[in-house]
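Values quoted throughout were computed directly from the atomic coordinates according to the rules given, and no laboratory measurement underlies them. In this text, all values refer to a predicted model and were calculated from it rather than measured experimentally. FYI the Cβ positions are ideal-geometry reconstructions off the backbone, even for glycines, and counts take in every protein chain you see.
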């Protein structure tokens, strides 16, 4: 018997090992691509949330005769569930580029993101501080045609204190 070449069995084992390694790398590549797409969506959602936080912080806030906070934009304390459901005045629908499509209870067909915000007094100092919270979630159509919210979301919060009495 000569040792000058490879046997058919050795070639088949080497080929099988090579195919398994290549298939594993292909699966890893698909997972990495999906993770990058989710990260892009989450980063964009965080940017959309930050924009709304800055918009809310820029509003001139005052207090009425009863000491309730009020903005010049007619915003006041939000309902307690404003971050969980579409509440008129505390919700916007955005397209894939971040342009506002409007607000209300149901999203238009082009909606890619739902941005909700909440304005509440700071529990430890309700007369002098407001807590702004913004949540942005991605919206896609489910197989049944109903809107389904996925986990690609961002949530930001900030506190604004009273500057004058």
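Applying 0.36 nm per residue to the separation of residue 158 and residue 97 and subtracting their alpha-carbon distance, the gain on full extension is 19.5 nm.
Neighbour counting of Cβ atoms within 10 Å sorts the residues 8, 101, 59, fewest neighbours leading, into 8, 59, 101. Computed extension gain for residue 32 through residue 105, at 0.36 nm per residue and net of the alpha carbon distance, reaches 22.7 nm.
A Förster radius of 22 Å, combined with the Cβ-Cβ distance separating residue 124 from residue 55, puts the computed FRET efficiency at roughly 0.30.
Using the Cβ-Cβ distance between residue 13 and residue 46 with R0 = 35 Å, the FRET efficiency computed as 1/(1 + (r/R0)^6) comes to roughly 0.10.
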